[in-house]
Amino acid sequence: MEFLVASAVGVLTAVGVYLCLRGRTFPVVLGLSFLSYAVNVFLFATGRLVVGRPPIIDPAAPGYTDPLPQALVLTAIVISFGMTALVVVLALRAFLEAGSDHVDGREPGAEGRR
Amino acid sequence: MNLALIALLPFLGAVLPPLLIRSGRNVCALATGAVTALALALLLVQAPAVFRGEVVRASFPWLPQAGLEASFFLDGFGFFFAFLILAIGLLIVTYARFYLSREDPMGRFYAFLLLFQGAMVGIVLSDNVLLLVIFWELTSLSSFLLIGYWRHLPEGRQGARMALVVTGAGGLALLAGLLLLAQVAGSYELTTILTRAEAVKGSELYLPILLLVLAGAFTKSAQFPFHFWLPHAMAAPTPVSAYLHSATMVKAGLFLMGRLWPVLSGTEAWFLIVAGTGLLTMLIAAWIAIFKDDLKALLAFSTVSHLGLVTMLLGLGTGTAALAAVFHVLNHASFKAALFMTAGIVDHEAHTRDARRLGGLLHLMPITGTLAILASLSMAGIPPLNGFLSKELMLEEALHTEWGGTGRLFPILAVLAATCSVAYSFRYVTHVFLGPVRDDYPHRPHDPPAGMWLPVALLVAAVVLIGILAEPVAGPLVRLAAEAVTAGAAPEATLKLWHGVTPALVASGVALFAGLVLLAAFGPIVRLREALWRPEAKRMFEATVEAVATGARAVSEAIHDERLQRMVAWTLAAILAVGLVTGWGGIGTGERPGLPVAPLGLLLWAGAIAAALAVALFHHQRLLALIVTSVVGLIVSLTFVWFSAPDLALTQLSVEIVTTVLLLLALNYLPRESPRESTPARRGRDVAIAAVAGLGVTGLLWAILTSDFAIPTISTYHLAESKPGGGGTNVVNVILVDFRGYDTLGEIIVLGIAALAIFAVLDSTFRGTAVQRLRTWSHEPEAADRHPMMLVVATRIMLPLALMVGIYIFFRGHNQPGGGFIAGLVVGVALIVQYMASGWAWARARTRIDYHALIGFGVFVATATGVGSWLFDRPFLTSNYGYFHVPLLGEVELATAMLFDLGVFSTVVGVVMLVLANMARVAARAEPQTGVPTAMDSVPEPRLADERITTTAPVPVPERTRQEA
């Protein structure tokens, strides 16, 4: 399973990076989402992969997985929502102001370069 | 305590002048003077102890981990300098009161002056070398502010900037030098460092330390080749020039060399560099000073020359030379401050300080003239004034010095410098005050009010008294300081006027005669000099600064060229390059046994890969890409379930819903498709970067997952203490609200700030260009019915159930998967569904919650819970819990952590709702039918006065094509 997780995180990262390099704001937002997935799973996985041992204290439990990365990733997921929301709102506003959703704030080749 | 107060008093007093200026200029000046006088009195209280040879110390811990202590000490040398700074400061404050005109903001001037005074006293009293550097930089800053005091003058601004660049850069070098010195000596305290001379001189770091410390000292004391900033600093008001740029601040470099004399001097390198630089500066600056027509420029170069003289004496490394250096610091401070003030008086009265337009002023302003002539004669080294005494000592030392096998060159150059000094001193006398009275002054001068000439008179009195009665007046103080400099190696010399006919006296006579001859031939020499090429320091400095700025701009424009894609590509490539170089060796397969591949796991893996690649391939179709992206989010959520992280799975699931709804709302007003505009080359480049990033992450994660923990994980503690210490069995939740509650508090604050920022961005959408675009926005409806009846009914029935689930998840969170974050998201989703199903206006009219207040409440509750621990004398955010019997519910455990979690919950609900509700509001804005009730609402929609929603259909506009954008 380790290889599956490692390679899947790699693919998520690659897709995130590729989308972040696109010229329009919406793919970039999606790219950031992909990077968030990749980073969150990566951080979570640093606690190593353990099946069936959730960190809920129970006298009958055979053992527990590492709870600390989970706690860190839990807040990271919520914070990445905040970040995605801010970026998409900025993208929307920029589009409404400039009439272009290109990441440079103007259409390629358009006048207005300083 | 008293010691620290001497340095702190001016800082504290600096608030007084700006406050008191409303009570008039006299009150303002009196307050400044009182602060200075009080500091001086505190210093003099220590005098008996210092003269008994004691070292007074005071120390307070500040950042002991960094070696930084607020420690002060007062010995003879520090006392000598502090006395000069505060005594001359008092005279300058008096003088400035009459010098500044009504239009000048006097409060600001005195505030800056006091800041400088505190910093300067701080330098000379510091025991800790880091503290010394802090004060050192503060003098550079206050000097910057004072040079640029007349903000409207470009010379002032340029001069201020130049001084800051040169002395600030020197200060950084000094910091590096002192850090090395402290490391070699094994202490940050000067009193300890000064006893470690052998260790320092024997260290292989000696030369770097010496060069760095000297870079600081030479820039501050304007030694060649850093001398050029001082003349440009003369754009400052004259009291500043007299105080900072002649009597005190520029002597900080000399102070530093004197302070570190015991540990740094006496080596070949010290002698060659310090004595050589001093002599060169003394000669070059004295030569230039002769030809300066601006009186302040003449005095500025003369100051540079005299600073060179003292530097040279310190460089000689003998006890007698050190004594002469200290003595000359005193003498120079007295006559040069007096001369600057007379130059200021001339400027003030005659409205010019150009020597070519002056002359004969002795008849018009006899008091000023007499004082200026006496001070000038002292500067020229004429007996029986104090300048003569120290110059004799200097020549005596120079006459038997040989510099690096150059024979008699050193004494000859010293005598030449003395000659130039005579020439410019007499020029100041003859070209300004002597000669016939002219009738073309810009303003007919006369003596100023006593407040302006009295400080000068006091200084000139000192010049004469020290000259005639050197031993009784200045002897003890100078010897005290010299002994502190040399660590007791100063000779028991007495200061006296007549030593007999010594070689130094002969040399003095030669210099006087030659200087007068030079001045007699002034005209031809000026013409000769005009014909020759001279380096222009200011132009060279500005060209250097310009070249550096151009270079920096070229580099940043190559990377940062307003095209985001290129910038991101560069950044990513740089990160990857660093990662590959540093992480290459660490990637490999470890020893940890892996988990067997489960068929369902393989399926999920294949699903995630396929979905991700599909998004990369079809991202042009945005709606499709968004939906497939959320599939990836769901698979991530399932991954969390699989690998024992139920809390994460719940969080991921609810965040996924909220995010998708948000992106859908946004997509409503963005183009539905991205144009295909990337060239194949760019796509190839991006694929390459992405592939390297992906492979790198895979390799890294593989290496981590196949190895065991390198060191025992701290989670063992969390698992063991969760129930007994935190009162909960859900360890993840206990970590969030208890063990690492401080992190969580920070995170909900960040989240709240993000929500407010989003609100600000969206709220102002209703003004300006954006609202025009929104109004004219039109697209074919996605569905015939905006608010389908089934959806509306279902969501309204669901709402109470969903809220119940949310509250249930909240309460069980401490022991079972759940908690404030997840409950907040669930409740947020439950509410947002109402907005989606029934429309913004409908939902808004029925919500009485102010989401801003909800966020504030959440952060407040969480913080208050933390503060509550203080009441029980426990650290911030210490949690407590107990079991209570509640009717109906039975035994219930209540922890303060629960209260904290309530704060988290409220913040999350507030954030989700603030963001989505405002997004929906934008959507409502663009809906022409807004306000039309849905079929099942019998009550009419409330009128939304504040929104000014147009109920009339918008002006039809040609539908914009999506690719147009």
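The values are calculated or read from the model by the stated rules, or taken from the named source; none is laboratory data. Please read all numbers here as calculations on a predicted model, not as lab measurements. Reconstructed Cβ throughout: ideal geometry from the backbone, glycine too, with neighbour counts over all protein chains shown.
Evaluated against (1) facing another protein chain (nearest Cβ under 7 Å); (2) modelled with pLDDT under 90, B:Asp686 falls short on exactly one condition, (2).
Any chance the range B:730-743 includes a residue that's in a loop (DSSP other than H, G, I, E, B), out of contact with any strand residue (DSSP E or B) (no Cβ under 9 Å at 6 or more places or on another chain), among the acidic types (Asp, Glu) and at negative phi?
Checked against the condition, which is being in a loop (DSSP other than H, G, I, E, B), out of contact with any strand residue (DSSP E or B) (no Cβ under 9 Å at 6 or more places or on another chain), among the acidic types (Asp, Glu) and at negative phi, the range B:730-743 yields no hits at all.
For the range B:689-728, the candidate set comprises residues that are among the β-branched types (Val, Ile, Thr) and part of a helix (DSSP H, G or I); within that set, the residue that is surrounded by the most Cβ atoms within 10 Å (Cβ to Cβ) is B:Val697.
So that you can scan it fast, the table gives a plain yes or no per residue for (1) modelled with pLDDT of 95 or more; (2) among the hydrophobic types (A, V, I, L, M, F, W, C):
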position: A:Leu21; (1), (2): no, yes
position: A:Ala38; (1), (2): yes, yes
position: A:Phe42; (1), (2): yes, yes
position: A:Gly47; (1), (2): no, no
position: A:Val50; (1), (2): no, yes
position: A:Ile57; (1), (2): no, yes
position: A:Ala61; (1), (2): no, yes
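When B:Val456, B:Val463 are checked against the criterion of being of a type in the set (Val, Ile, Thr), within 27 Å of B:Asp75 (Cβ to Cβ) and touching a Phe, Trp or Tyr at 6+ places or on another chain (Cβ under 8 Å), a single residue qualifies: B:Val463.
Only residues that are surrounded by fewer than 22 Cβ atoms within 10 Å (Cβ to Cβ), within 45 Å of the chain's Cα centre (by Cα) and of a type in the set (Val, Ile, Thr) were counted in the range B:340-372, giving 1. Only one of the numbered conditions (1) crowded, with 20+ Cβ neighbours inside 10 Å; (2) more than 30 Å from B:Ile525 (Cα to Cα) is violated by B:Gly308, and that is (2).
Name the single residue that is nearest to A:Val73 (Cα to Cα) among those in the range B:616-674 being small (Gly, Ala, Ser) and in contact with a Lys or Arg (Cβ under 9 Å, 6 or more places away or on another chain).
B:Ser644
Taking the conditions exactly as written (part of a helix (DSSP H, G or I) and free of Cβ contacts under 8 Å to residues at least 40 places away in the same chain), does B:Ala666 satisfy them or not? For B:Ala666, the condition - part of a helix (DSSP H, G or I) and free of Cβ contacts under 8 Å to residues at least 40 places away in the same chain - is not met.
So which residues in the range B:399-447 are closer than 18 Å to B:Leu279 by Cα and of a type in the set (Ser, Thr, Tyr), if there are any at all?
Hits for the range B:399-447 are B:Thr401, B:Thr406, B:Thr419, B:Ser421, B:Tyr424.
Conditions tested, residue by residue: (1) closer than 20 Å to B:Leu38 by Cβ; (2) crowded, with 23+ Cβ neighbours inside 10 Å; (3) in the same structural domain as B:Glu349 (by TED's automatic domain parsing); (4) over 21 Å from the mean Cα position of the chain (by Cα).
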residue	(1), (2), (3), (4)
B:Ala82	yes, yes, no, yes
B:Leu90	yes, no, no, yes
B:Ala96	yes, yes, no, yes
B:Pro105	no, no, no, yes
B:Leu115	yes, no, no, no
B:Met120	yes, yes, no, no
B:Asp127	no, yes, no, yes
B:Tyr149	no, no, no, no
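Against the list (1) surrounded by fewer than 24 Cβ atoms within 10 Å (Cβ to Cβ); (2) closer than 24 Å to B:Leu528 by Cβ, the condition B:Ala286 fails is (1).
Within the range B:694-709, the only residue that satisfies the criterion of being more than 7 Å from chain A (Cβ to nearest Cβ) and under 15 Å from A:Asn40 (Cα atoms) is B:Leu700.
A quick yes/no check of all residues on (1) closer than 19 Å to B:Ala275 by Cβ; (2) surrounded by fewer than 24 Cβ atoms within 10 Å (Cβ to Cβ):
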{"position": "B:Ala163", "(1), (2)": "no, no"}
{"position": "B:Leu174", "(1), (2)": "no, no"}
{"position": "B:Leu179", "(1), (2)": "no, yes"}
{"position": "B:Gly186", "(1), (2)": "no, yes"}
{"position": "B:Glu204", "(1), (2)": "no, yes"}
{"position": "B:Phe218", "(1), (2)": "yes, no"}
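The condition of being under 22 Å from A:Phe26 (Cβ atoms) and either facing another protein chain (nearest Cβ under 9 Å) or charged (D, E, K, R) (or both) holds for only one of B:Ala691, B:Ala757, that being B:Ala757.
Of the residues examined, B:Ala569 is not one that is assigned to a helix (DSSP H, G or I) and either more than 11 Å from chain A (Cβ to nearest Cβ) or basic (Lys, Arg) (or both). Between B:Thr639, B:Thr679, B:Thr660, the distinction of being more than 7 Å from chain A (Cβ to nearest Cβ), within 30 Å of A:Gly47 (Cβ to Cβ) and of a type in the set (S, T, N, Q) belongs to B:Thr660 only. Going by the structure shown, is B:Gly806 surrounded by 23 or more Cβ atoms within 10 Å (Cβ to Cβ) and assigned to a helix (DSSP H, G or I)? When the stated conditions are applied, B:Gly806 passes them. Screening the range B:642-657 for residues that are at the interface with another protein chain (Cβ under 7 Å from one of its Cβ atoms) and hydroxyl-bearing (Ser, Thr, Tyr) and picking the one that is nearest to A:Val87 (Cα to Cα) gives B:Thr651. Quick check on the range B:131-146. Is at least one of its residues of a type in the set (A, V, I, L, M), touching an Asp or Glu at 6+ places or on another chain (Cβ under 9 Å) and in contact (Cβ under 8 Å) with a residue 40 or more places away in the chain? Checked the range B:131-146: at least one residue is of a type in the set (A, V, I, L, M), touching an Asp or Glu at 6+ places or on another chain (Cβ under 9 Å) and in contact (Cβ under 8 Å) with a residue 40 or more places away in the chain.
Among the residues making up the range B:577-598, those that are within 30 Å of A:Val50 (Cα to Cα) and in a helix (DSSP H, G or I) are B:Gly579, B:Leu580, B:Thr582, B:Gly583, B:Trp584, B:Gly585, B:Gly586.
In the range B:111-122, the count of residues that are farther than 18 Å from B:Leu86 by Cβ, in a helix (DSSP H, G or I), touching a residue at least 24 places away in the same chain (Cβ under 8 Å) and in contact with a helix residue (DSSP H, G or I) (Cβ under 6 Å, 6 or more places away or on another chain) is zero. Scanning the range B:725-739 for residues that are under 43 Å from the mean Cα position of the chain (by Cα), among the polar types (S, T, N, Q) and either within 30 Å of B:Ser906 (Cα to Cα) or at the interface with chain A (Cβ under 9 Å from one of its Cβ atoms) (or both) turns up at least one hit. Of all residues being within 16 Å of B:Phe900 (Cα to Cα) and within 14 Å of chain A (Cβ to nearest Cβ) in the range B:823-858, which is surrounded by the most Cβ atoms within 10 Å (Cβ to Cβ)? Just the residue, please. Within the range B:823-858, the match that is surrounded by the most Cβ atoms within 10 Å (Cβ to Cβ) is B:Gly824. Scanning the range B:601-628 for residues that are touching a residue at least 40 places away in the same chain (Cβ under 8 Å) and more than 9 Å from chain A (Cβ to nearest Cβ) yields B:Gln621, B:Leu623. For B:Ala37, the conditions (1) closer than 19 Å to B:Ala119 by Cβ; (2) at pLDDT below 90; (3) surrounded by fewer than 21 Cβ atoms within 10 Å (Cβ to Cβ) are fulfilled apart from (2).
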